[in-house]
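The structure appears below as structure tokens.
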Amino acid sequence: MRRWMLSGLLLLPALSFCIAVEIHCRTRTVVAVKKKWIEQHASGITTLVLGDSQAQTAVNPSLIGDSCGSLALSGQPLVMDYLLLQRYAPYMPHLRTVLLEVSPHRLYHDIERDAWNAHLYQVIYSFRRTSFADYSFLAASPRHSASLFTSYYRAGVFRPVVDERGYIINDSVGHFNILHYDTASISRNIPVVRLFAGKAMSDSAVCYLEKIAAFCSTRKINLVFFTTPVYTTFARQVPGSAKARASEVLEGITQHYHIPYLRHTDDSIYNVWHYRDHNHLNPRGGAVFTAALRRQLTSINL
């Protein structure tokens, strides 16, 4: 009996820590802030941003307008873009435009094989199962089992300073900041092959991209594809075959559904001071990009 009591006392601090982390995740994280703002302002939202971390850092929704919200999140696959759109669109009666980031690597990202942040969606949005996978963090895979803490860390939940819409407004976590924006150090230290090495295009990613297009078409919502600027160290290492295959898929969908496609991957107006790391803009770059994006949307009457 005494042994059981001692074991319980030893486990109590760990349990308390886990509970504290869970509460933090539900209330104070980037994703929780985004969810709260979206749900409070859903009835007035006219523009919604979806995508992964490249959209999360590049598009500052407050600079698009008062009625723009973002549900983009680091590591977010297209299946989650679809599920989030499906969930919140019915509560957005004035939703007119969806801005969807379609950078090539997103078509090579399948949450079935890369589900580090699955627990965030389980905790925050109660997404436990889709038609093709169970994302429980208690799954047999060690990677899934570890997703509780890796998701909190990789989503930057303890580190960034965010505004009320969940946009990260500080650059203290950026690799370029750590390397003092030194281009020689950046070239030596920022490999990007990991995003494509050994990966085939994800059938489920393409499937959910098409589902998003069909969803918006059926509901008369203007869907806009866009890509974000990337630094030269990233651009040089993206395999030509990956870019060509992604371009082929995206062109087919844009033509079929008549979707505007705003390409910014190779924009030359950005320099090292505009980047957080090799493929993410910092707040300075985000302000420049969002202004350019807003001008484009105005030019096509959106």
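Throughout, read-outs are computed from the coordinates displayed, never taken from laboratory work. Values in this document were obtained by computation on a predicted structure and should not be read as measured data. Heads up, the Cβs are rebuilt from the backbone with ideal geometry, glycines too, and the neighbour counts pull from every protein chain shown.
What the table below lists for this structure:
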{"quantity": "Computed lengthening from T232 to L12, 0.36 nm per intervening residue step minus Cα-Cα distance", "calculated": "74.3 nm"}
{"quantity": "Peptides 287-296, 44-53, 60-69, 241-250 ordered by average Cβ neighbours within 10 Å, highest first", "calculated": "44-53, 60-69, 287-296, 241-250"}
{"quantity": "Distance between modelled label sites at A184 and S43, nm, 7 Å Cα→Cβ extension", "calculated": "6.0"}
{"quantity": "Cα shape, the stretch 246-302, gyration tensor, a/c 1.5 rule", "calculated": "oblate"}
{"quantity": "FRET efficiency estimate (nearest 0.05) - Cβ-Cβ, Y261 to R87, R0 25 angstrom", "calculated": "0.45"}
{"quantity": "Above-threshold pairs, the threshold being 29 Å between Cα atoms, out of K199/K220; K211/K243; K36/K243; K35/K199; K36/K199", "calculated": "K199/K220; K36/K243; K35/K199; K36/K199"}
